[in-house]
1. So how exposed is Asp131, as accessible area in Å² (1.4 Å probe, rounded to 10)?
2. Report in % the part of the accessible area of the chain that belongs to carbon and sulfur, leaving out ligands and nucleic acids; probe 1.4 Å.
3. Could you give log10 I(q)/I(0) at q = 0.20 Å⁻¹ for the range 179-237, computed by the Debye formula over C-alpha point scatterers of equal weight, without solvent?
4. Which semi-axes, in whole Å and largest first, does the equivalent ellipsoid of the range 59-196 have when worked out from the alpha carbon gyration tensor as the square roots of 5 times its eigenvalues?
5. Which of Thr442, Cys460, Val88 sits closest to the plus end of the dipole of the chain, meaning its Cα is farthest towards the positive end, when Lys and Arg get +1 and Asp and Glu get -1 on the C-beta?
6. So which trypsin sites (Lys or Arg not before Pro) in the range 108-139 end up in coil per DSSP with only 12 or fewer other C-beta atoms within 10 Å?
7. Tell me, what is the percent relative contact order of the range 166-205, built from C-alpha pairs under 8 Å that lie six or more residues apart?
8. In whole Å, what three semi-axes, largest first, describe the equivalent ellipsoid of the range 397-508 built from its Cα gyration tensor (square root of 5 times each eigenvalue)?
Amino acid sequence: MATKKKAKKAPAKKTTAKKAVVKKAAAKKAAAKKNGSKKVVKLRPAKAAAKKPAPKKAAAKKANGNGSALPAPSKAPWGQAGKALDGVKILDFTHVQSGPTCTQLLAYMGADCIKIERPGGGDITRGQLRDVKGADSLYFTMLNGNKRSITIDSKNPKGMEILERLVKHCDVLVENFAPGAIDRMGLTWERVHQLNPRIIMASVKGFGPGPYEECKVYENIAQCAGGAASTTGFREGPPLVTGAQIGDSGTGLHLALGIVSALYQRNRTGRGQRVLCAMQDGVLNLARVKLRDQQRLAHGPLTEYSQYGEGIPFGKAVPRAGNDSGGGQPAWLLKCKGWETDPDSYIYFITQAPVWAEICDLIGKPEWKTDPDYATPPARLPRLRHIFDTIEQWTMTKTKFEVMDICNGFDIPVGPILSMKEIAEEQSLRATGTVVEVDHPTRGKYLTVGNPIKLSDSPCEVKRSPLLGEHTEEILTKVLGYSDAELAEIKTSGAITPPPEKPRAAAA
Ligand code: CAO
């Protein structure tokens, strides 16, 4: 009924909104005329204009999100109309993990990503956690695919001249240096904006403005300061960090969204803007359900936490909840056949209320369907430990994959603990391009994670990471237009080569 009512009212609202937009556009048109401006906002394409279509480039610039200035829908087959971010040029001044994750994603989406690296050693991760002697590490190769690499010493005057030329050329500058480092180089937001008012300058920092804004931050610091660690682990144990890189890669993801949003806004405003993602904020955003629970504590115990069923009182802050479900459906991690020798022989089992009857039948407890102590979710809450122990007696008779198959046959939500070995070998992940094998000239074949975001009209082709400075000459001549004579001068200036006192061997 409610939907029906809403549907009836909707057209009236739409008409009013449409009128307002038309009125606003008409006023804008009149104002533009009065000011003698040639940029007139068109309400509808004029007939005369229809005869002589505007050049493609201009139409693309006017796209404003309401569809009125978009080109006609492409008739190209799906996946053959270019990539989502084709034409977007990224000056990638990132290092380690958070920034590179962001720019790699943008590159997967089709952006031309030019990675600036310090001559000699480049991104520090090239040499960190090395598994193949003399080759770039997996740490680097898995975070820098689909990019081009140019070496530039930002502290060399000629190097800064090249950098400034790149700022003028690019749509986005991304950096994640320690607080103040990019300013010390001379690339303050004011300077960057002055050089190229259309550029978007995006940064990852550990903390936003406040008492800690000057601090350097790595992954686990962000997990701790963003509220994730205090709510992870077991009640009896210390806070725990998680293996998922929610501080680095998580913040990189947030930054990527900020960048594409800023690019979209630029279509209307014509100007770039500053985008900042603090790792603490990114982690907190991912841990927001725990801030939810913090506020619920004021109104009583958190009944879905197993600590409630165990009769253990809650303190002032959200406790660590072990493997409890973060939602309203009680769940736990249960042993499966082979757990004695295989550390990953476990299944995550959710006792979703609508399939309680099916669970009871499966585990051989049909009487629980009607027993008042077990029949309803509130009645089960104080007995969760016993319930999961009983379910575990059943899961221990099956492998995690058998449990998965049987339970999913009854719509019971369960999930196997997959080891990284199993994931690396999982053919369905290869088929979707989520796990990709690429070839590298110095290290050979390696696995990487492809684009986890699938676009139906923008397929992703994962390419290997670049060697240090592999594209230096190409970018200087073909992108920035330096002549052969200028290139020769750059080569002797020290702008793209390591200073003599710091040979490459020192960084390896
Ligand atoms: N040419 C010349 N100098 C260069 C250069 C280049 N191409 N690229 C970088 N540098 C210089 C910087 O200018 C800076 O010099 P100064 O400190 O003298 O001004 C210096 O290299 C080091 O930069 P940094 O302080 O960012 O690097 P670090 O290794 O000391 O710190 C990190 C690393 C990650 C802690 C810090 O960059 C940081 O806090 N970043 C923000 C948060 C972040 O992204 N953390 C996630 C990292 S992934 O776990």
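1. Its accessible surface works out to 90 Å², give or take rounding.
2. Here carbon and sulfur together make up 58 percent of the probe-accessible area.
3. Results for the range 179-237 at q = 0.20 Å⁻¹ read -0.85.
4. 31, 22, 12
5. So the residue furthest toward the plus end is Val88.
6. Lys133
7. 60 percent
8. Computed over the range 397-508, the values are 49, 19, 10 Å.
The values are calculated or read from the model by the stated rules, or taken from the named source; none is laboratory data. Worth saying up front: this structure is predicted, and the values here are computed from it rather than measured. Cβ atoms come from the backbone with ideal geometry, glycine included; neighbour counts cover every protein chain shown. When the accessible area is computed, the model is the full protein with side chains, heavy atoms only, and any ligands, DNA or RNA have been set aside. Shrake-Rupley method; radii C 1.70, N 1.55, O 1.52, S 1.80 Å.
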